[in-house]
Amino acid sequence: MEKNLALSRISVKGIKTGFGHDLAGVFANIYLDNKKVGHYNDDGWGGEVDLQLKPDAKNIIEDIMVANNVAQKMFDNGWDFMKEVSKIDIHTQIENTVFQLIND
């Protein structure tokens with residue numbers, strides 16, 4: 001996903017990998033404007049990813065997702081199985097963006 005200036009406000013640090021079931025776990029601290037605002041924790045055992053954000057940062061990050069049309073970009077890049085862009089909720093957009101940052 002192409003990253004623009006607004007999306008560049010979001011970053012990850014403290015990435016840890018290789019834990020949990022089959023060593024598939026990943027953890028990262030989430031930063032907004034270089035301030036820690038939450039964390040991403042996939043324990044590697046399946047199920048939902050634990051994505052925690054401070055409420056004020058969550059609102060800003062949600063606005064960044066909408067302003068950058070992240071759902072449409074996801075849909076155009078393999079998420080078309082959802083059948084409609086509107087079905088890619090804001091939580092999924094944030095989770096996917098953070099996951100991409102971790103992988104980068």
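Report, by residue number, each residue of the stretch 16-48 that is open to solvent by less than 80 Å² (accessible area, probe 1.4 Å), among the aliphatic types (A, V, I, L, M) and over 21 Å from VAL66 (Cα atoms).
Of everything in the stretch 16-48, those that are open to solvent by less than 80 Å² (accessible area, probe 1.4 Å), among the aliphatic types (A, V, I, L, M) and over 21 Å from VAL66 (Cα atoms) turn out to be ALA24, VAL26, ALA28.
Of all residues in the stretch 51-63, which are part of a strand (DSSP E or B) and surrounded by 13 or more Cβ atoms within 10 Å (Cβ to Cβ)?
Residues satisfying the conditions are LEU51, LEU53.
Looking at ASN103, ASN96, can you tell me which residue is under 28 Å from GLY18 (Cα atoms) and open to solvent by 50 Å² or more (accessible area, probe 1.4 Å)?
ASN103
Which condition does PHE81 not pass, out of (1) in a helix (DSSP H, G or I); (2) closer than 18 Å to LEU7 by Cα; (3) of a type outside the set (Gly, Ala, Ser), if it passes all the others?
Exception for PHE81: condition (2).
If I ask for residues that are open to solvent by 70 Å² or more (accessible area, probe 1.4 Å) and either in contact (Cβ under 8 Å) with a residue 24 or more places away in the chain or farther than 17 Å from ASN96 by Cβ (or both), which ones from the stretch 64-81 would you list?
Listed by number, the residues that qualify are VAL66, ALA67, ASN77.
The values are calculated or read from the model by the stated rules, or taken from the named source; none is laboratory data. All values derive from a computational prediction rather than experimental measurement. Every residue, glycine as well, gets a Cβ built from its backbone with ideal geometry; the counts of neighbours run over all protein chains shown. The accessibility values were calculated without ligands, DNA or RNA, using every heavy atom of the protein model including side chains. Shrake-Rupley method; radii C 1.70, N 1.55, O 1.52, S 1.80 Å.
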